[in-house]
Structure formats: C-alpha cells, structure tokens
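Structure first, commentary second.
The values are calculated or read from the model by the stated rules, or taken from the named source; none is laboratory data. Just so you know, these numbers come straight off a predicted model, no measurement behind them. Positions of Cβ are generated from backbone atoms using ideal geometry, with glycine treated the same way; all protein chains shown enter the neighbour counts.
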Amino acid sequence: MGTNRKKGAADIAALIRRDISNGTLQPHDRLASERVLAETYNVARGTIREALNRLAEENLVEIRRGSGTYVVQPQTVQIPPSIEHASPLELMDARFALEPHICRLAVMNGRRKDFDRLELLCDKMDSVGEGGAGFSEADTDFHRTLVQCTRNSLLIWIIDQITSVRSQDEWTRMRHLTLGMGIIAQYNTQHRQILDALRNREPERAANIMKEHLETARLSLTRAADT
C-alpha cells in the first residue's frame, strides 16, 4: 500500500539531487524536458516543474527559459556525512531540541502574511486524497515556513540542514511506511492547533503542541522501525 504511493515533488527533487551528488548528472548537463521527466517518473508535469523549482532554489540547477534546465552545482560539493548518515530518529531528536522554541519565536516575530501562508499549507495537507500524495512536501514547507517566522537567519539555516535529511533514502522509506491517512489526519489537527496558538500569540501553548506533534511522529517512526 505505502510502497505504491505516488511520488511528489519532494521525492522527484530528492532523486535528481542524488544524481547530481553522485555524479550521474555533471555540472552544465542539460536535464531531460519536463515531458520526458514526467513520463520517466510517472507523474504530472506540474510535479516535475515544482521539483525543478525546488532544486533551482537550492542552486543545484538553473532553469533557462526557452532552453532547458542545467546542472550548476559543482561536483565537489558533497552532502556532509552527519546529514548523509543521519537516521530518521536522529532527525526527530534534533527537531525536539529546536522546534518548540522556534514556535515561541514565531509567536513573537511572525507576521500575518506568514500565518496566512501556514494556513494555505494546512489547507493543502487537509486536501490530500487516499495514499497521501502531496502531504510530505506541504508538511516540509509548513515547518520551513514556521522557522522563517522567527526572522532568525541562523535558525533558518540550521533547520534547512536538518530538513535535508528528509531527502535521504532511509527517510523516504520510513515516510512511506508511516504515512497512512489516520496519521496524516492527526498531524493535520496538530498543525492547525499550532497555527491557532500562533495567531493568538500564545508561545507556550504553541511550544507544547509542537512537542506533542513531534512525539506523535517519533512514536510512528519507532513503530515502523520495529516492523
């Protein structure tokens, strides 16, 4: 069931990112067209376009209108070993250390437009159908937007490093094992509660709900690891 889940933009970006990292795609190589990539990965062209935009934001590729998409990241730049070999549970430990306090800072420094962006992402996560396609990328964007509310560039950089673990093979495997519709519904409820606490400027309530949210995710990962 979980292994048949349709790939989302985050999954496609991770596959292309890995090809760049291991040298399958070299600097200045031109990627296949959106149509060919969509056929190769059996996804919609819009999913490919979103994945390429993500890689462009990471400065891994350059999208040249009317010409194509080209690899720009030097081959010598490697994923740090601490990220490459991090387990999903190590990711959760790092998030436990940071994200509750990030919620407090988001209450203090977040703006209405930030909270509106979080609301749109909640709507997107609520709209996923059977199989949960599209949930993971919206979930990642929710937590990335949350740290951006802090206006703390160092925290934003740290969370970006932690979030990159999600592109690793083991995280992708565990995500497919754990993301059933029941757990997605629970995550969505918690996301809404966090957003409500942010809008009401309740830092400790936001932090406590985030702890509950991360504990839910940790328990889900632990159960999947035991199967």
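Considering each residue of the stretch 127-135 in turn, at least one proves to be at pLDDT 85 or above and surrounded by fewer than 15 Cβ atoms within 10 Å (Cβ to Cβ).
Scanning the stretch 136-162 for residues that are surrounded by 18 or more Cβ atoms within 10 Å (Cβ to Cβ) and free of Cβ contacts under 8 Å to residues at least 60 places away in the same chain gives ALA138, ASP139, ASP141, PHE142, HIS143, LEU146, VAL147, GLN148, CYS149, THR150. In this structure, PHE142 qualifies as aromatic (Phe, Trp, Tyr), in contact with a His (Cβ under 8 Å, 6 or more places away or on another chain) and modelled with pLDDT of 80 or more. Annotation note: Cβ proximity below 6 Å between a residue of the stretch 99-114 that is of a type outside the set (Ser, Thr, Tyr) and a residue that is surrounded by fewer than 20 Cβ atoms within 10 Å (Cβ to Cβ) and modelled with pLDDT of 95 or more (sequence gap 6+ or interchain) occurs for PRO100/LYS211; ARG104/PRO203; VAL107/ARG201; VAL107/PRO203. Just one residue in the set ALA185, ALA207, ALA197 is touching a His at 6+ places or on another chain (Cβ under 9 Å), of a type in the set (A, V, I, L, M, F, W, C) and either modelled with pLDDT under 95 or buried (at least 17 other Cβ atoms within 10 Å of the Cβ) (or both); that residue is ALA207.
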